[in-house]
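Trainee: Pasting a structure here, questions to come.
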Amino acid sequence: MVDVTSLLACPRCDKQLALQENGHYFCGACKVEFPTQSGMPWLFAEPAATLGEWRGRLHFALQQLTDELAGLERELQRNDLQPLTEQRVVRYKAALEEHRRALIALLQPLDLQALGGRVESYLALRTRLPVDQGLNTYYANIHRDWAWGEAENTASLQQIRSVLGDHSELGNMLVLGAGAGRLAYDIHTQLDCATTIVMDFNPLLMLVAKGVTSGETLELYEFPIAPKDPGDDAVLRKLKAPAPADENFHLLLGDALRPPFLARSFDTVVTPWLIDIINDDLPALAARINNLLSADGRWLNFGSLAFAGPERARRFSTDETRAIVASSGFAEPRVHEETIPYMCSPASRHGRQETVFSFAAAKTADVKKPERYRALPEWLVTGKEPVPQSPSFRTQAMTTQVYAFIMSLIDGKRSIRDMATVLEAKRLMSKEEAEPAIRSFLTKMHDDAERQARF
């Protein structure tokens, strides 16, 4: 059995961490303590600030639920509801209230009443959580992993088997971006693993994974977007693993962009549904994974291949992906593509088939370690460098000026046509262009005001 501490490194400076008597980890070089949450190491570059941000996101999620419950209560005050409609809304409201209580209980380790870290810490380290990732972003995956997704889970494991071939010994394995943990669990329990480290940055997913792989049965509601039958809009699910994981299965929280591990610590690194969504260029990510692998280690990838970054040149094809992997200190990857079920909940009409791209690539050489990932540029961190006059900034500046000018024309007397005449006189646009543009802008402002009023 491997001592997990021997694998861990500070995500700030890459020095080895020390385990303290209180169960927390400490970096002697940075003088920073990394706590644990429900027994899982919290290994973010700025642990206090990250914890504070996740607390904020939980508060936001709970406020959203509170707002939705208030809206449902207003709907129930209407006198034009059909009996079946009223029954459905009452049932859904009760489920939502129970779901809110369950989330508070499950996420109790985050200690909602405590103060978080300062935003300046994020700026100094240039690390931050992805703005599009909330606690509930992958909530449906919890139910797929631990309630009804047997067909997809079995198919997913088979993709890993297909690229492994006869070389099934995985040794010490790291799963980066593990989500709610089912694929990591299946690989660990059904294939030849010595020690498995399971990492994700979402505490809700990790707390669920911790509970079920420890032998607990959790109950959480599933809320399908497209319910199949009456009563399917809120379905209470029992979440349970086939059996508890053994003592060589370990979970921790951290950022795949700043992996908190010593170089060459793993025989296998698995990236499920990660390489096309992470905020890192694929060549840099490949180099990071190379750095984590031992001399004869392997990289296993599984998931879709749907790069969607702003730069067209970075939306890599399958052939480009294979070439990048092969040029990053790996042998030509062994690839397998297959169409498998994806998110086919028995309570939803939205299940589909997804063609997944899996590969196994053996490490053949060390490559230069890439620079630490930095989420923010120098001019934004220090405040001393000139702010670049980028095309997007110029466009936004012009748009803001036009919007501000339109808002200045609102005096309770002018109509949309009157405002369009003013814009034409200022040579900003013709009256024919201005009128629909102003109407569209004011419609958005009106809708935003209505939403705020409902809140």
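The values are calculated or read from the model by the stated rules, or taken from the named source; none is laboratory data. What you see is a predicted model, and the numbers here were worked out from it, not measured in a lab. Note that each Cβ is placed from the backbone with ideal geometry, even for glycine, and that neighbours are counted across all protein chains shown.
Trainee: Go through the residues of region 196-210 one by one and say whether even a single one is in contact with a His (Cβ under 6 Å, 6 or more places away or on another chain) and within 30 Å of A295 (Cβ to Cβ).
Mentor: The answer is yes; a qualifying residue exists.
Trainee: Residues in region 45-63 that are part of a helix (DSSP H, G or I) and surrounded by 22 or more Cβ atoms within 10 Å (Cβ to Cβ): how many?
Mentor: Residues flagged as part of a helix (DSSP H, G or I) and surrounded by 22 or more Cβ atoms within 10 Å (Cβ to Cβ) within region 45-63 amount to 5.
Trainee: Being of a type in the set (G, A, S) and under 42 Å from the mean Cα position of the chain (by Cα) is the filter; apply it to region 399-455 and report the residue that is surrounded by the most Cβ atoms within 10 Å (Cβ to Cβ).
Mentor: Ranking the candidates gives A434 first.
Trainee: Further question on the same structure: With respect to the numbered conditions (1) over 30 Å from T268 (Cα atoms); (2) surrounded by 13 or more Cβ atoms within 10 Å (Cβ to Cβ), which one is the sole condition not fulfilled by A70?
Mentor: In the conditions (1) over 30 Å from T268 (Cα atoms); (2) surrounded by 13 or more Cβ atoms within 10 Å (Cβ to Cβ), A70 misses (2) alone.
For (1) free of Cβ contacts under 8 Å to residues at least 60 places away in the same chain; (2) part of a helix (DSSP H, G or I); (3) more than 25 Å from the chain's Cα centre (by Cα), each residue gets a yes or a no:
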| residue | (1), (2), (3) |
| --- | --- |
| V325 | yes, yes, no |
| S345 | no, no, no |
| T355 | yes, no, no |
| Y373 | no, no, no |
| K384 | yes, no, yes |
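Trainee: Sort out which residues of region 228-257 are over 22 Å from L106 (Cα atoms) and either outside the structural domain of D281 (by TED's automatic domain parsing) or surrounded by fewer than 20 Cβ atoms within 10 Å (Cβ to Cβ) (or both), and write them in order of number.
Mentor: Residues satisfying the conditions are K228, D229, P230, G231, D232, D246, E247, N248.
Trainee: Scan region 95-124 for residues that are hydrophobic (A, V, I, L, M, F, W, C), modelled with pLDDT of 75 or more and touching a Leu at 6+ places or on another chain (Cβ under 9 Å) and report the count.
Mentor: 8
Trainee: I want to confirm something. Restricting to region 264-323 and keeping residues that are of a type in the set (G, A, S), in a helix (DSSP H, G or I) and under 22 Å from the mean Cα position of the chain (by Cα), which single residue is surrounded by the most Cβ atoms within 10 Å (Cβ to Cβ)?
Mentor: So, considering only residues that are of a type in the set (G, A, S), in a helix (DSSP H, G or I) and under 22 Å from the mean Cα position of the chain (by Cα), the one surrounded by the most Cβ atoms within 10 Å (Cβ to Cβ) is A286.
Trainee: Does any residue in region 411-429 that is within 15 Å of L442 (Cα to Cα) come within less than 7 Å, Cβ to Cβ, of a residue that is among the charged types (D, E, K, R) six or more places away or on a different chain, and which pairs are these?
Mentor: From residues that are within 15 Å of L442 (Cα to Cα), the pairs are I416/E435; I416/R439; R417/E435; A420/K431; A420/E435.
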